[in-house]
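A quick write-up on the structure given underneath.
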Amino acid sequence: MRRSRYSLLSFALLMGLFLSACSGGGGGGAGGGQPTPSGAPTSAAPAKPTPEQPTGTPAAAVNPAAQPAAPANGQAEQRSVQAGGDPGGPVSDQPAAPIVARSKTTGRPITLEVWLTDWEQSTQQLFNDQLVPAFEAANPNIAVNVQYLDWRVFTEKLIAAHAGGVLPDIYQAGAEYVAPLATKGMALDIDNYIASWGQRDDFYDSAWSTVSYQGKTYGVPLLSAPQTLMYRKDMLQQAEVSGTPATWDDLEQVAMKTTRRDGDKFVISGFNARPIWQQYMWFLFQNGGDVFTADGQVVVNSPQAIEALDYFSRLFNQDKVASKSTIAAPTANVGAMAANLVAMQLGNQLTVRDFRQNNPSQAANLVVADPVSKKQQVTTNWTDWLAISRQSKHPDEAWKFVQFVADRDNLLKYNETMYFIPPRKSLRTTGYMADPQLQQFVTIMEKYGRSINTNPAALEVYQTIMQNAVDDAVYQKKSAKQALDDASRNIQRAMRR
């Protein structure tokens with residue numbers, strides 16, 4: 001039975017209340033800072049580490065006066081990033097207000113409305129000053145308006161726009177979106193365009209699977225962020241750890257050896273996990289589990305899934321190597337690992353950039369390692385992509401713009417503004433991607449990367465139900481088994497709606 005417009009709008013508002021952040025962020029969920037999870041303590045500010053200088057660390061690295069200057073307003077720079085948890089550095093605590101860049105051309109018969117959700121200030125400059133003017137020059141009958149949205153408000157706005165019949169022609173979606181967009185008639189099947197384009201084979205499989213559902217294609221991958229284990233070689237050496245953690249047991253033991261606490265405060269976190277569903281998925285996949293299978297069977301409360309959530313929760317509670325609150329660096333726009341407060345973390349290429357920009361003297365100590373394993377060695381690859389709305393009155397012109405942005409040169413420029421991994425194979429060693437550490441991320445993505453399975457209820461499943469399950473276990477409101485048993489029932493209900 002078709003939902004009424006009222007029920008869709010109500011669902012949009014409900015989703016807005018329950019969104020889980022994927023950034024600050026990635027690949028799946030909202031970008032920017034991390035809202036307080038349900039069940040999390042709300043009265044205490046994030047625990048700041050003591051100013052004690054870690055052994056063997058240069059004083060300049062932990063002295064706030066020696067850090068790069070923060071923005072004039074003292075806040076983190078505005079950006080919107082979806083990268084599966086984005087541990088590369090903080091962003092503003094508040095969602096960015098929508099920024100609209102209107103076309104400078106007038107009187108053209110066609111105007112394309114575009115929503116971008118992965119951006120920084122340099123991204124805006126690229127689109128506003130280079131890409132959009134170049135596209136309009138090559139297409140004199142088309143004007144392009146770009147609206148820059150924050151991931152934390154995107155799902156709500158998208159569902160409301162669909163209900164009101166005012167979806168933009170083109171919009172940027174994340175890792176968990178393809179099945180809901182396809183089944184609710186929100187994204188256009190573009191297989192005919194892809195066939196004539198002839199460039200499908202230039203994209204990595206784990207990126208392309210993000211835009212595919214039941215054998216059809218609903219978008220083009222733009223930005224990838226494979227996650228893997230990253231560690232500080234100097235901190236492991238100080239803890240008399242040799243070698244690289246390869247298993248869950250290794251990770252746990254090394255994290256306990258490298259953690260340093262002053263009462264309830266972290267001097268050094270052994271493993272800077274975040275209590276979010278995107279990071280739990282990493283462990284879930286490595287234990288051979290999943291939320292649901294490719295054919296839709298719900299397996300979220302399997303023994304493998306329960307064991308993975310129990311392990312993930314133990315890092316925060318029994319082992320006490322990870323903080324339930326953000327480990328805040330003393331200076332805005334600097335991540336905790338680059339601020340010498342973290343020995344290991346589940347990270348992506350944004351952490352590499354953080355070191356290059358904010359702690360170059362310690363960049364050589366940052367190791368990008370292969371993912372650890374339990375039953376299998378696998379990692380999550382979070383990919384964002386462009387979709388064309390089925391409501392668009394100009395799908396051919398919209399495809400021209402998608403194709404233009406996905407062009408090799410333009411895609412490289414876009415990814416460079418965000419310091420992401422271009423999902424095109426032919427860009428593997430081009431420009432900034434020649435960096436050896438970025439090359440390592442590509443190798444990890446090729447060897448171990450996979451995307452998440454989606455189904456028509458995936459937005460609610462991941463952004464709400466799975467986040468609630470992680471919260472319940474990490475904040476010890478429920479056992480891992482009880483949390484996932486409840487999640488299974490809630491997922492079954494969501495799939496019936």
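Using a probe of 1.4 Å on the protein chains alone, the accessible area found for SER479 is around 60 Å². Starting from the Cα of ARG497, step 7 Å along the direction of its Cβ; do the same at ASP407; then give the gap between the two resulting points in nm. My value for the distance between the label points is 4.3 nm. Across the range 420-429, coupling constants 3J(HN,Hα) worked out from phi with the 6.51/-1.76/1.60 Karplus curve, θ = phi - 60°, read 9, 9, x, x, 9, 4, 5, 9, 3, 10 Hz, and Gly and Pro carry x. Taken per residue, the accessible surface of the range 404-497 reaches 38 Å², heavy atoms only and a 1.4 Å probe.
The dipole here belongs to the range 357-445: it is taken about the Cα centre, uses +1 on the Cβ of Lys and Arg and -1 on the Cβ of Asp and Glu, and is about 300 debye.
The phi torsions of the range 260-266, fed into the Karplus equation with coefficients 6.51, -1.76 and 1.60 and a -60° offset, translate into couplings of 10, 10, 10, x, 8, 9, 8 Hz, rounded to whole numbers, with Gly and Pro shown as x. Does the range 290-438 come out rounded, prolate or oblate, given a ≥ b ≥ c as the square roots of the eigenvalues of its C-alpha gyration tensor, rounded meaning a/c under 1.5 and, failing that, prolate meaning a/b above b/c? It is oblate, given that a/c is not under 1.5 and a/b is not larger than b/c. The convex hull of the Cα atoms of the range 173-291, projected and averaged over all directions, covers 10.7 nm². Rounded to a whole number, what % of the accessible area of the range 161-223 do carbon and sulfur atoms account for, probe 1.4 Å? The value for the range 161-223 is 46 percent carbon and sulfur by accessible area. In terms of the Cα gyration tensor, with a ≥ b ≥ c the square roots of its eigenvalues, is the range 371-497 rounded because a/c is under 1.5, prolate because a/b exceeds b/c, or oblate? Note, shape of the range 371-497 comes out oblate. Relative contact order for the range 407-491: what is it in percent, counting Cα pairs under 8 Å that are at least 6 residues apart? Relative CO of the range 407-491 lands at 16 percent.
Applying 1/(1 + (r/R0)^6) with R0 = 41 Å to the Cβ-Cβ distance of ALA134 and GLU446 gives a FRET efficiency near 0.85. What is the range 197-238 by shape, rounded, prolate or oblate, if you read a ≥ b ≥ c off the alpha carbon gyration tensor as root eigenvalues and call it rounded for a/c under 1.5, prolate for a/b larger than b/c, and oblate otherwise? The shape class here is prolate. Applying both filters, DSSP loop and at most 11 other Cβ atoms within 10 Å, to the trypsin sites (Lys or Arg not before Pro) of the range 365-470 gives LYS393.
Identify the residues of the range 157-175 with backbone N under 20 Å of a label point that sits 7 angstrom from the Cα of ASN192 along the Cα-to-Cβ direction, or state none. From the range 157-175, the list is 169-171. Computed from point charges on the beta carbon alone (+1 for Lys and Arg, -1 for Asp and Glu), the dipole magnitude for the range 222-287 about its Cα centre is near 200 Debye. Take every pair of alpha-carbon atoms less than 8 Å apart whose residues are at least six positions apart; their mean separation over the length of the range 277-406 yields a relative contact order of 23 percent.
Using θ = phi - 60° in the Karplus curve 6.51 cos²θ - 1.76 cosθ + 1.60, the 3J(HN,Hα) couplings for the range 211-216 round to 9, 10, 8, 6, x, 10 Hz; x is entered for Gly and Pro. Annotation: extensible slack from ASP262 through ASP250 equals 1.9 nm (criterion: 0.36 nm per residue apart, minus Cα-Cα distance). Remark on ALA143: its backbone amide H falls under 5 Å from those of ILE110, THR111, LEU112, a criterion applied only to residues 5 or more positions apart or on other chains, H modelled at 1.01 Å from N. Note on ALA97 and LYS375: with the Förster distance fixed at 45 Å, the Cβ-Cβ geometry gives a FRET efficiency of about 0.50.
The values are calculated or read from the model by the stated rules, or taken from the named source; none is laboratory data. Please read all numbers here as calculations on a predicted model, not as lab measurements. For neighbour counting, all protein chains shown are included, and Cβ atoms are generated from backbone atoms with ideal geometry for every residue, glycine included. For accessibility, only protein heavy atoms count, side chains too; no ligands or nucleic acids. Shrake-Rupley method; radii C 1.70, N 1.55, O 1.52, S 1.80 Å.
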